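Data block below; observations after.
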């Protein structure tokens with residue numbers, strides 16, 4: 001049945017869009033396009049408060065490009081990408097504890113004792129790090145073999161970081177800086193709930209410290 005209109009009565013528009021003048025439609029379109037970047041900006045803002053991003057392969061994955069940051073630079077990334085770019089080729093604790101890689105250890109750090117003339121003693125953890133939760137006879141290699149949570153997780157990655165720095169594979173970390181991370185971590189909580197401040201007002205607890213150290217170990 002067809003729609004009929006009475007004489008003199010106008011046919012209503014078929015859609016509300018057709019009733020909007022072209023000028024108004026263009027204005028609405030421009031307004032919607034102009035608002036889009038505002039939404040994207042809000043979504044893309046970095047989230048702070050302990051959510052650190054691991055770069056450089058994520059510790060042993062081998063898939064990263066090796067880019068790495070100083071501790072303070074790691075806090076501000078990825079919002080701050082200015083300044084000199086560094087690349088790390090550090091190895092993980094799993095690498096350093098394997099006997100086939102003992103030749104990669106750089107003096108004065110040794111994984112095992114070699115007796116006789118020209119030999120050496122296995123390096124003890126206490127001889128490198130002044131604060132230790134372990135027996136005084138514990139070696140660096142034994143710490144690398146630990147599998148527990150804090151402070152063991154931090155300790156074994158600290159040892160790997162030490163060996164990486166000694167080998168010259170992590171330009172963003174000096175041996176002194178690595179010792180400083182461990183000392184502050186131990187002093188602020190005995191190693192179980194301790195933290196390290198990479199920059200004023202930011203506290204890295206054990207997971208954060210491990211994530212940062214892994215970011216320097218792409219291989």
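Any read-out appearing in this document is the output of simple, stated calculations on the displayed coordinates, not a laboratory observation. A quick note: this is a predicted structure, and the numbers were derived from the prediction, not measured. Glycine also receives a Cβ, built like all others from the backbone with ideal geometry; neighbour counts cover every protein chain displayed.
Remarks
- Legend: ranking of residues 88, 68 from fewest to most surrounding C-beta atoms inside 10 Å; resulting order 88, 68.
- Prolate/oblate/rounded call for the range 67-215, Cα gyration tensor, a/c under 1.5 rounded: oblate
- Sorted by Cβ density within 10 Å, fewest first, the residues 197, 184: 197, 184
- For the range 67-215, the relative contact order works out to 24 percent when only alpha carbon pairs closer than 8 Å and six or more residues apart are counted.
- Average projection area in nm² (convex hull over Cα atoms of the range 145-213, one quarter of hull surface): 4.5 nm²
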